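Asker: Just passing along the structure, written as structure tokens.
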Amino acid sequence: MEQLKELVQGLVDDRVRELIGDPDLGLRLGDSLRARLKESLANSSRLSGEDVAERLGLRW
């Protein structure tokens with residue numbers, strides 16, 4: 001049953017992506033954003049989803 005659920009979920013996800021598409025597909029990153037991404041990837045400190053939710057006052 002779990003495998004069937006995962007299969008159906010994957011098919012639905014694929015179809016939604018196909019219908020909606022990625023509005024950013026094919027766009028180029030600006031130099032400043034590219035530099036910020038490189039800096040972020042070089043930094044080894046990370047926040048968990050729980051940490052982000054807590055900082056924003058959200059219930060996770």
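Any read-out appearing in this document is the output of simple, stated calculations on the displayed coordinates, not a laboratory observation. Keep in mind it's a predicted model, so treat the numbers as computed, not measured. Glycine also receives a Cβ, built like all others from the backbone with ideal geometry; neighbour counts cover every protein chain displayed.
Asker: With +1 on each Lys and Arg Cβ and -1 on each Asp and Glu Cβ, how big is the dipole of the chain about its Cα centre, in debye rounded to the nearest 20? Please report the intermediate quantities before stating the final value.
Answerer: Details: 10 positive and 12 negative charges, 54 e Å.
Magnitude of the dipole: close to 260 debye.
Asker: On to the next question. Describe numerically, in nm with one decimal, the distance between label points set 7 Å from Cα along Cα→Cβ at E2 and at A53.
Answerer: 2.2 nm
Asker: Taking the chain as a Gaussian network, Cα atoms linked when under 10 Å apart, which of G49, G21, G30 shows the biggest mean-square fluctuation?
Answerer: G49
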